[in-house]
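Undergrad: Take this structure, written in structure tokens, and hold onto it; I'll ask about it next.
The values are calculated or read from the model by the stated rules, or taken from the named source; none is laboratory data. Quick caveat: nothing in here was measured; it's all calculated off a predicted structure. Cβ sites come from the backbone with ideal geometry, for glycine too, and all protein chains shown count toward neighbours.
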Amino acid sequence: MTQKKLTAAQKDRAAGVLLGLASGDALGAGYEFGPPLQSSTPVVMKGGGGFNWSPGEWTDDTSMAVPIAQAAAAGLDLRDERVLDGIVAQWVNWAKTAPDVGIQLRAILSRTEPTASAVRAVAKAHHERNGRSGGNGSLMRTAPVALAYLHDPAALAEAARTLSSLTHYEADAGDACVLWCLAIRHAVLHGEFDVRVGLAALPADRRELWEGRIAVAETSEPKDFAHNGWVVEALQGAWSAISTTSQLDATHLRLALEAAVRGGRDTDTVAAIAGGLLGARWGASAVPAKWRRIVHGWPKVNGASLTGADLVRLGERICGDAQKERFDYSYLGDVSTLLQHPHDEGVWIGAAGALEALPPEVDAVVSLCRVGTKQVPPHIRHHVEVRLIDKDDPAENPNLDFVLVDTVDAIAALRAEGHTVLVHCAQAQSRTPSVAALYAALHRGVAIDWALRQVLEVLPRTTPKRFLRDAITRLATTEETSK
């Protein structure tokens with residue numbers, strides 16, 4: 001499917017869709033089936049729960065979304081019956097060993113041949129036998145459809161309903177998928193929430209019904225939707241968490257996902273649904289590094305689970321961004337810079353070329369520029385990829401303050417775990433010294449002016465951009481004032 005060129009901010013938001021979905025899923029996994037929580041109760045990505053998930057492991061919500069995303073990344077039309085056959089075959093195979101498969105989904109996927117037509121027939125029979133089939137299992141997996149048809153809303157609506165009807169015959173499920181996918185599309189393209197943007201794509205006689213349901217969500221709390229295994233209340237719970245949480249900046253993503261989990265009961269699914277839309281609005285750069293570092297799950301490739309970084313790249317591929325094994329920054333000149341941080345000998349600072357000659361003690365890397373899929377040495381187990389664009393236009397870094405603070409917090413967390421860390425950008429002239437100085441200011445007790453001066457002394461010929469200098473000074477001063 002042909003995609004139009006996206007801006008840098010739109011690319012970040014597109015990359016945030018799958019990562020946001022998986023983050024909400026993994027956050028809620030340890031609380032599934034539990035009661036609502038008080039607003040003051042901390043919510044952490046702890047794992048555990050009824051299926052003993054490992055910390056950061058996603059559940060069936062993301063696992064079912066991945067085959068859809070992979071088909072979209074391959075440029076396939078999600079409305080094509082042969083493509084649907086391939087997706088269904090992966091679902092059926094996954095369901096044989098998956099620990100957590102919803103009641104409705106297991107009843108359908110375990111009683112059929114692995115083809116779209118066979119599954120569709122069983123889903124219809126299930127609906128007719130039980131009188132309903134409005135579980136949340138199609139809405140939880142629907143987010144990748146929005147990325148596949150960003151520039152064709154009519155095809156998007158058709159594909160969303162088609163994917164839903166494979167396993168969920170009831171109209172509510174298809175409607176919910178159409179509404180949510182069109183809301184995700186709108187958020188990626190325009191950077192704003194509008195869950196009503198898809199109402200016109202529903203049958204005329206169902207628009208007023210859904211308008212009312214959306215309005216109820218906006219005047220309720222997630223815990224009010226006690227039957228969130230039903231697709232309608234799952235959507236309402238997700239939208240309630242989003243719409244009733246402060247939306248001032250990128251911290252909204254984390255706060256809204258925590259609110260979704262505090263709603264209780266089907267926590268992983270409601271948070272996964274919310275996460276797809278939150279990621280579309282705020283971008284991959286708004287997902288905290290402490291989550292990105294540990295998010296993982298089915299399927300495994302060469303024995304290793306997919307990771308959050310893999311989902312980011314998968315989202316990028318759907319939007320037409322070709323993946324590279326390496327980014328060659330030699331056109332910038334010398335990119336071999338590698339020196340110890342003046343205020344922490346366990347942190348090295350440098351340029352992209354340093355990845356080719358890492359000191360043996362370095363076992364963690366924080367990349368402030370794009371790196372290829374094979375650019376970081378394979379022995380590095382902790383790799384944090386940061387979206388920080390070295391351009392003055394504020395539109396290039398809409399989450400600038402969040403990203404800077406989150407990045408230095410990630411460096412501090414890695415150091416606290418005993419790791420030796422390389423922090424690098426392309427040439428170590430702007431982003432690296434800025435982040436290194438902010439790290440010293442926020443985590444080593446060094447005044448920001450002195451921290452920056454010391455970093456610039458060990459990194460000669462550096463010229464941090466004015467917007468970065470202003471940002472780190474503002475952030476360090478705000479932190480000092482708040483103490």
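Undergrad: What number of residues within region 333-354 are assigned to a helix (DSSP H, G or I) and surrounded by fewer than 22 Cβ atoms within 10 Å (Cβ to Cβ)? Please lay out each step first, then the result.
TA: Residues of region 333-354 assigned to a helix (DSSP H, G or I): 352-354.
Narrowing further to those that are surrounded by fewer than 22 Cβ atoms within 10 Å (Cβ to Cβ): 353.
Number of matching residues: 1.
Residues checked against (1) surrounded by fewer than 24 Cβ atoms within 10 Å (Cβ to Cβ); (2) part of a helix (DSSP H, G or I); (3) modelled with pLDDT under 95:
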| position | (1), (2), (3) |
| --- | --- |
| Ala428 | no, no, no |
| Ser434 | no, yes, no |
| Ala437 | no, yes, no |
| Ala441 | no, yes, no |
| Val446 | yes, no, no |
| Ala451 | no, yes, no |
| Gln454 | yes, yes, no |
| Pro460 | yes, no, yes |
| Thr463 | yes, no, yes |
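Undergrad: Just to check your reading of the model, which residue among Ala412, Ala416 is surrounded by fewer than 22 Cβ atoms within 10 Å (Cβ to Cβ), without any contact (Cβ under 8 Å) to a residue 24 or more places away in the chain and out of contact with any Cys (no Cβ under 6 Å at 6 or more places or on another chain)? Can you show your working first?
TA: Numbers: Ala412 fails: without any contact (Cβ under 8 Å) to a residue 24 or more places away in the chain.
Just a single option satisfies the conditions, and that option is Ala416.
Undergrad: Here's a follow-up. From the list Val366, Val312, Val362, Val384, exactly one residue is crowded, with 16+ Cβ neighbours inside 10 Å and more than 19 Å from the chain's Cα centre (by Cα). Which is it? Talk me through it step by step, then tell me what you get.
TA: Working: Val366 fails: more than 19 Å from the chain's Cα centre (by Cα); Val312 fails: more than 19 Å from the chain's Cα centre (by Cα); Val384 fails: more than 19 Å from the chain's Cα centre (by Cα).
Of the residues listed, the single one that is crowded, with 16+ Cβ neighbours inside 10 Å and more than 19 Å from the chain's Cα centre (by Cα) is Val362.
Undergrad: With respect to Val195, determine if the residue is in a loop (DSSP other than H, G, I, E, B) and either surrounded by fewer than 24 Cβ atoms within 10 Å (Cβ to Cβ) or not polar (S, T, N, Q) (or both).
TA: On the way: in a loop (DSSP other than H, G, I, E, B): yes; either surrounded by fewer than 24 Cβ atoms within 10 Å (Cβ to Cβ) or not polar (S, T, N, Q) (or both): yes.
Answer is yes for this residue.
Undergrad: Here's another thing I want to ask about it. From the list Leu235, Leu248, exactly one residue is assigned to a helix (DSSP H, G or I) and either more than 18 Å from the chain's Cα centre (by Cα) or modelled with pLDDT of 95 or more (or both). Which is it?
TA: On the way: Leu248 fails: assigned to a helix (DSSP H, G or I).
Criteria check complete, one pass: Leu235.
Undergrad: Hey, among Trp291, Trp298, which residue is in a helix (DSSP H, G or I), of a type outside the set (D, E, K, R) and in contact (Cβ under 8 Å) with a residue 60 or more places away in the chain? Spell out how you get there, then give the answer.
TA: Values: Trp298 fails: in a helix (DSSP H, G or I).
The conditions single out Trp291.
Undergrad: Scan region 94-113 for residues that are among the hydrophobic types (A, V, I, L, M, F, W, C) and in contact with a helix residue (DSSP H, G or I) (Cβ under 8 Å, 6 or more places away or on another chain) and jot them down. Lay out the reasoning, then the answer.
TA: Residues of region 94-113 among the hydrophobic types (A, V, I, L, M, F, W, C): 94-95, 98, 101, 103, 105, 107-109.
Result: Trp94, Ala95, Ala98, Val101, Leu105, Ala107, Ile108, Leu109.
Undergrad: Report, by residue number, each residue of region 155-172 that is within 23 Å of the chain's Cα centre (by Cα) and touching a residue at least 40 places away in the same chain (Cβ under 8 Å).
TA: Ala157, Ala159, Leu163, listed by residue number.
Undergrad: Continuing with the same structure: Under 9 Å by Cβ, and 6 or more places apart or on different chains, what pairs join a residue from region 337-348 that is in the same structural domain as Leu456 (by TED's automatic domain parsing) with one that is small (Gly, Ala, Ser) and in a strand (DSSP E or B)?
TA: Filtered contacts from region 337-348: Thr337/Gly350; Leu338/Gly350; Leu339/Gly350; Gln340/Gly346.
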